Structures are given as C-alpha cells and as structure tokens.
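Below is one structure; the comments refer to it alone.
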Amino acid sequence: MSPAVRALALAALLVLSRDWGCAQAAGTSGARKPSVVLILADDQDVCLGGMIPLKKTSALIAEMGISFSNAYVPSALCCPSRASILTGKYPHNHHVVNNTLEGNCSSKSWQKIQEPYTFPAVLKSMCGYQTFFAGKYLNEYGAEDAGGIGHVPPGWSFWYALEKNSKYYNYTLSINGKARRHGENYSADYLTDVLANMSLDFLEYKSNFEPFFMMISTPAPHSPWIPAPQYKKSFQNVSAPRNGNFNIHGKDKHWLIRQAKTPMTNSSIQFLDDAFRKRWQTLLSVDDLIEKLVKKLELLGELDNTYIFYTSDNGFHTGQFSLPIDKRQLYEFDIKVPLLVRGPGIKPNQTNKMLVANIDLGPTILDIAGFDLNKTQMDGMSLLPLLRGDKNVTWRSDVLIEYQGEGHNSSDPTCPALGPGVTHCFPDCVCEDAYNNTYACVRTLSALWDLQYCEFDDREVFVEVYNLTADPHQLTNIAKTIDQEILEKMNYRLMMLQSCSGATCRTPGVFDPGYRFDPRLMFSHGIWAHRLSTQSL
C-alpha cells in the first residue's frame with residue numbers, strides 16, 4: 001500500500017471512529033454529510049430595515065433559500081442570546097442572564113456546566129465534524145477571571161475568538177489560545193475583513209474527508225460603528241425610520257420606558273440618525289464577506305452540500321418610544337431578528353411564517369448532522385422539516401422571552417440625579433437598562449392570535465399585553481382591557497414556560513387545541529414564579 005493510499009485509509013478510519021453518534025441526516029445523499037456555515041451579525045435589527053444594505057446576502061442566501069419572517073431571540077442582549085444559540089436553551093436553563101461575569105457571561109460556571117454540551121462540541125466529538133470559529137464569542141470572553149484568552153472552549157478545531165466585545169480596530173484575538181494583537185491598519189486589521197480572510201483560509205486548507213461547521217461572528221453592526229474606508233460615504237441621505245412608534249412616549253408602559261423624554265431633543269435625534277447610518281455602512285463589509293464565502297464554497301465544489309444560516313443575536317432600536325439606541329427591551333424591534341437559510345433540499349425564494357427562535361439553531365444543525373436529538377437537553381426544535389418543506393408539520397405557537405436587568409445600587413456618573421439602579425444612559429440621560437428591568441414574556445403567534453404577554457419582576461408587578469394584529473407598533477398596552485380568561489391563561493402559560501426544560505418547553509401553547517389550563521394553579525407561586533437568578537448557579 002502506497003503512503004498516499006495509507007494516509008487516505010487512515011483519514012477515513014478516523015472519521016468512522018469519531019462518527020458513531022450520528023446517522024446520515026434524513027433527506028440527504030452522498031458519501032459525506034452536509035456541512036454548515038452560521039453567520040451571526042451583532043445587533044442587527046430586521047424591523048427597522050436592517051436587511052436593506054445586504055443586497056448580496058439577500059441574493060445569495062434569501063433568494064436561493066428560505067426567509068423566516070417570525071424569528072425571535074429569547075433574550076434581546078448579546079451574551080444571553082449567544083448562549084441560547086450555542087446551547088439550544090432558554091436563559092433560565094443556561095443561566096446566562098446579561099452581559100456581565102456576574103450574570104454568568106463566559107464565567108467559570110458557564111465554562112464548566114454549559115460549554116462541554118454546546119452543539120459544536122457534539123458535532124466535533126460525536127459526529128466527526130471539523131469546527132471553525134471566528135469573531136465575537138461571548139462579551140466577557142478573555143476576561144482574567146474567566147481564564148483569559150488562553151481558554152479555548154471544547155468543540156472547536158480552529159479557534160479565532162475576539163477578546164471581549166465588538167471592535168473593528170485595536171483588538172486582540174485568541175488564535176487557538178494564543179494572543180494576537182491587531183492595530184488600526186485597514187488592510188491588515190479591519191475585523192470584518194480579517195474574519196473573511198480567516199474563513200477563506202480555513203476552506204482552502206481544511207480536510208476534505210470530514211464535513212465542517214463554521215461559525216463566523218461579525219462585529220457589525222454593533223457600536224462603535226466604524227465602516228471600512230470605502231463605505232464611509234455610503235447612505236448619506238439615510239436617516240433612522242420615522243415609523244409608528246418613533247419619538248412616541250410610552251405612556252402605558254413599564255417605568256423604564258416612561259422615563260424617556262418626549263419629544264426627543266434635536267441633538268438626540270441627530271445622534272441616533274448618525275448611528276443608524278454608520279450601522280448600515282458597517283454591514284456592507286458583512287455583505288462582502290458573504291459574497292466571498294459563497295464564491296469560495298462554489299469554487300471548491302462545496303456549495304451544493306452546505307447549509308448557510310444568516311441571523312443576528314438581537315434586534316435594535318433607534319428612537320422607538322423615545323429611546324435613543326440600544327436593545328434589551330421586550331418589543332418587536334429588539335426581539336425579532338433576520339433568519340435566512342439556503343442549503344440542500346431547500347427550494348428558492350421561500351418565506352416561512354412559523355414562529356421560530358434562536359434556540360432552534362443548535363437542534364437544527366445537529367439534526368442536519370444526523371444526531372439523535374433525544375440525547376440532548378435542548379429546549380428548541382429542529383427547523384429541518386420546515387427547511388425541507390415537509391407537509392403537516394406540528395409546530396409551536398409561542399416562545400418565551402426573558403431578561404434580567406443590569407445595573408447596580410449606585411448612580412450612573414453621567415446622570416447622577418437619576419438615583420441608583422439605572423445604567424446605559426445616553427444623551428439627555430435617557431437610560432436603557434436598570435437592575436429591575438427584569439421581565440418575562442410569552443410571544444404567541446397562531447391562526448387567531450398575534451399576541452405578546454409580559455410581566456415585570458418589580459414593585460409595580462407591571463404587566464404589558466399587545467395585540468399585534470391591531471397594533472403592530474405596540475403603542476397600546478391592553479393589559480387592563482383584554483378578556484380576563486385570556487389574561488389568566490397567558491399568566492399560567494408564562495409560569496409553565498419559565499420552569500420548562502427540554503421537551504416541556506415544546507408543549508402546546510394557549511391557543512393550541514391540546515392546551516390544558518388548570519385555574520387552581522393560578523398565582524400559587526406569585527406573579528413571577530420562577531425569577532431568573534444567578535444564585536442557582
């Protein structure tokens with residue numbers, strides 16, 4: 001046997017020996033399982049036109065596959081949302097509740113309890129996939145108290161992770177656990193382009209005997225919104241959309257929304273318009289990245305056997321309810337995200353209206369790999385039947401949204417007159433978060449109802465309810481006027497979802513035929529029975 005043939009035989013043997021946990025995915029053919037690419041944008045909305053700059057992405061992914069028009073995140077903040085993607089779990093099950101180490105973001109506890117069971121770890125150890133990560137991981141990744149950048153999470157064959165939060169220049173990458181510092185030279189350091197080049201290099205030099213999974217996590221369009229030089233003059237006439245809830249006072253909403261000043265000052269509006277324009281400019285480099293990636297896959301003969309997912313970790317707002325810029329809130333503009341998919345067996349130019357969430361990404365990718373989802377503890381559902389266009393698919397009608405506010409028992413130095421607890425305060429001392437901005441919602445979408453029910457864990461025990469069929473901009477809180485029976489059922493369903501795990505997170509919703517409601521259990525554990533808490537870690 002020649003050395004070359006011996007090497008091929010050894011490579012095949014290694015794949016077989018590692019692939020005992022995954023069967024061939026249903027509906028696929030060929031000797032090698034499908035590969036998967038997941039591109040994750042940072043803070044990209046879909047409600048306010050966030051997809052408009054991505055012309056190439058729309059042509060190469062959406063038009064060649066499927067767009068989900070009702071894709072949500074269970075927590076509208078970077079770290080909890082990214083943890084949900086990796087684990088397939090709601091925040092109350094992975095326990096990452098905000099962007100701080102204290103909120104379990106990339107903490108030692110997260111590393112010990114959750115990281116070994118993320119879907120990339122399963123892909124690598126059980127399914128024989130070579131795995132590649134490049135970009136922003138979790139906001140506190142690389143912190144000294146979390147093991148520094150020498151920590152490489154299990155499950156990654158190639159690890160090129162950004163230290164801490166999004167940047168475009170002057171950052172440090174962990175290159176398989178070794179620090180590499182980047183400066184401010186566009187051609188060598190602009191992070192979106194660096195991620196593109198790393199991704200192309202991986203595709204060029206990867207093994208051809210194993211399927212691969214790539215996760216590319218761009219900084220755009222997160223602050224500080226630094227576009228590539230060639231795009232600095234793009235969208236000069238673009239302003240933030242003046243939609244139905246722009247510069248409107250949230251008079252019947254939670255106190256954090258009510259504190260925003262209406263009408264906004266001219267300086268605040270100029271600030272958010274400038275931010276909106278720069279966000280779009282940064283996305284043009286993401287568009288270039290996706291074009292390069294698709295062309296490379298096609299050149300290598302990999303495109304027809306590769307699923308490509310595009311999504312964001314959360315939405316964003318620019319002036320809605322007079323909040324200048326941020327996320328973290330319970331409204332559509334913050335919790336709804338783009339989700340585009342192309343790949344084997346997916347028909348082009350489709351739109352799917354099913355209610356999906358980012359906790360579904362892990363189960364979907366494992367399902368593509370042929371892994372038995374019954375062996376996981378994931379809360380999400382595989383999207384593969386929807387991607388293939390299977391008929392008579394039984395699907396969920398609600399998802400859980402939950403968030404635990406940041407903030408400490410001290411005043412924000414930029415706005416001391418506001419007192420303790422508030423944080424992330426922008427021009428004119430409008431604050432986007434507070435320690436008691438802690439809430440949970442049921443987002444329901446069924447044949448008859450398009451409804452959101454939310455409870456706050458605060459002294460007011462505040463409730464917000466919106467009928468999005470009649471009120472798509474969520475202007476009117478109908479908590480005091482909606483039918484009492486529906487209110488009670490939604491309260492009970494919220495209590496159930498807040499304590500769910502795995503299969504119990506996929507039980508029938510309030511407006512499903514199989515829903516069971518026992519009014520004797522109403523309020524038996526308080527208005528918010530299962531408060532998010534890091535104390536259980």
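The values are calculated or read from the model by the stated rules, or taken from the named source; none is laboratory data. Here the structure is a predicted model, which is why all the values come from computation and not from measurement. Here Cβ is always computed from backbone atoms with ideal geometry, including for glycine, and neighbour counts include all displayed protein chains. For the accessible areas, the whole protein counts, side chains as well, though only heavy atoms, and no ligand, DNA or RNA atoms are used. Shrake-Rupley method; radii C 1.70, N 1.55, O 1.52, S 1.80 Å.
Worth a mention:
- Test: residue in region 321-333 that is under 19 Å from VAL356 (Cβ atoms) and assigned to a helix (DSSP H, G or I): yes
- Each residue in region 304-356 was checked for being of a type in the set (Gly, Ala, Ser), on the phi < 0 side of the Ramachandran plot and out of contact with any Phe, Trp or Tyr (no Cβ under 8 Å at 6 or more places or on another chain), and 1 pass.
- Scanning region 341-356 for residues that are open to solvent by 10 Å² or more (accessible area, probe 1.4 Å) and part of a strand (DSSP E or B) gives ARG342, GLN350, THR351, ASN352.
- Residues in region 357-395 that are in contact with a helix residue (DSSP H, G or I) (Cβ under 6 Å, 6 or more places away or on another chain), part of a loop (DSSP other than H, G, I, E, B) and closer than 30 Å to ASN491 by Cα were compared, and the one that is modelled with the lowest pLDDT is VAL393.
- Filtered residues of region 464-487 (kept if without any contact (Cβ under 8 Å) to a residue 40 or more places away in the chain and either in a loop (DSSP other than H, G, I, E, B) or buried (at least 19 other Cβ atoms within 10 Å of the Cβ) (or both)): VAL465, TYR466, THR469, ALA470, ASP471, ILE478, ALA479, LYS480, THR481, ILE482, ASP483
Here is a yes/no grid of residues against (1) touching a Phe, Trp or Tyr at 6+ places or on another chain (Cβ under 7 Å); (2) among the basic types (Lys, Arg):
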| site | (1), (2) |
| --- | --- |
| LEU195 | no, no |
| ASN208 | no, no |
| THR218 | no, no |
| ALA228 | yes, no |
| LYS232 | no, yes |
| PHE235 | yes, no |
| PRO241 | no, no |
| ASN245 | yes, no |
| ASP252 | no, no |
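- Of the candidates SER107, SER58, the single residue that is among the polar types (S, T, N, Q) and touching a helix residue (DSSP H, G or I) at 6+ places or on another chain (Cβ under 7 Å) is SER107.
- Selection status of PHE119, out of contact with any Lys or Arg (no Cβ under 9 Å at 6 or more places or on another chain), surrounded by 19 or more Cβ atoms within 10 Å (Cβ to Cβ), more than 27 Å from ASN104 (Cα to Cα) and touching a residue at least 24 places away in the same chain (Cβ under 8 Å): no
- Among residues of region 215-231, those that are touching a strand residue (DSSP E or B) at 6+ places or on another chain (Cβ under 9 Å) and within 17 Å of GLY50 (Cα to Cα), counted: 7
- Taken together, the residues in region 91-106 that are more than 22 Å from ALA440 (Cβ to Cβ) and either without any contact (Cβ under 8 Å) to a residue 12 or more places away in the chain or surrounded by 23 or more Cβ atoms within 10 Å (Cβ to Cβ) (or both) amount to 1.
- Selection within region 369-388: residues that are among the aliphatic types (A, V, I, L, M) and under 19 Å from ARG506 (Cβ atoms). The member of this set that is most open to solvent (accessible area, probe 1.4 Å) is LEU373.
- Test for ALA41: is it open to solvent by 10 Å² or more (accessible area, probe 1.4 Å), in contact with a strand residue (DSSP E or B) (Cβ under 9 Å, 6 or more places away or on another chain) and at pLDDT 50 or above: no
- Residues in region 389-413 that are touching a Gly at 6+ places or on another chain (Cβ under 7 Å), surrounded by fewer than 18 Cβ atoms within 10 Å (Cβ to Cβ) and in contact (Cβ under 8 Å) with a residue 24 or more places away in the chain: ASN409 alone.
- Total residues in region 184-200, condition among the aromatic types (Phe, Trp, Tyr) and open to solvent by 20 Å² or more (accessible area, probe 1.4 Å): 1
- Criterion applied to ASP458, ASP428 was being touching a Ser or Thr at 6+ places or on another chain (Cβ under 8 Å), buried (at least 16 other Cβ atoms within 10 Å of the Cβ) and at pLDDT below 95, and the one residue passing it is ASP458.
- Residue count for region 253-269, restricted to those that are assigned to a loop (DSSP other than H, G, I, E, B) and open to solvent by 40 Å² or more (accessible area, probe 1.4 Å): 5.
- Checking ASN247, ASN185, ASN197, ASN237 one by one, the residue that is touching a Pro at 6+ places or on another chain (Cβ under 6 Å) and at pLDDT 95 or above is ASN247 and no other.
- Taking region 61-126 as the region of interest, none of the helices (runs of 4 or more DSSP H) fully inside it holds 3 or more residues being among the acidic types (Asp, Glu).
- Filter result for the condition that a residue is under 20 Å from VAL294 (Cα atoms) and either open to solvent by 20 Å² or more (accessible area, probe 1.4 Å) or assigned to a loop (DSSP other than H, G, I, E, B) (or both), over ASN165, ASN208: ASN208
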